[in-house]
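Peer 1: Dumping the structure here so I can ask a few things about it.
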Amino acid sequence: MPKVALIQKDGKSLAYKLNGDTVQSVVLQTEDKNQDWVYLKGDSALKTGDKIVLNPGDKLTDGAKVHAG
């Protein structure tokens, strides 16, 4: 998973998963692969094919409406 999709909040790694036209934050356990990518560890809240937000910034919140382009 690209590191640019992760944010750090309260000591946890989060990503935002697209759910229709809204986003949902998911807590992830990661392990560094290299400077740009991480491996997902354990029983991840993300599955193959899930769409995620790249470069989410700190203003994105759970349930926010987004336009996927």
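The values are calculated or read from the model by the stated rules, or taken from the named source; none is laboratory data. What you see is a predicted model, and the numbers here were worked out from it, not measured in a lab. FYI the Cβ positions are ideal-geometry reconstructions off the backbone, even for glycines, and counts take in every protein chain you see.
Peer 1: Considering only residues that are at pLDDT 95 or above and hydroxyl-bearing (Ser, Thr, Tyr), look in segment 1-24 and name the one that is surrounded by the most Cβ atoms within 10 Å (Cβ to Cβ).
Peer 2: The extreme case among them is Tyr16.
Peer 1: Can you pull out the residues in segment 59-69 that are part of a loop (DSSP other than H, G, I, E, B) and loosely packed, with under 14 Cβ neighbours inside 10 Å?
Peer 2: Across segment 59-69, the qualifying residues are Lys59, Thr61, Asp62, Gly63, His67, Ala68, Gly69.
Peer 1: When the residues of segment 29-58 are filtered to those that are free of Cβ contacts under 8 Å to residues at least 24 places away in the same chain, farther than 15 Å from Ser13 by Cα and polar (S, T, N, Q), which remaining residue is surrounded by the fewest Cβ atoms within 10 Å (Cβ to Cβ)?
Peer 2: Of everything passing the filter in segment 29-58, Thr48 is surrounded by the fewest Cβ atoms within 10 Å (Cβ to Cβ).
Peer 1: Related question: Can you tell me how many residues within segment 1-27 are closer than 16 Å to Lys47 by Cα and in a loop (DSSP other than H, G, I, E, B)?
Peer 2: So the count comes out to 3.
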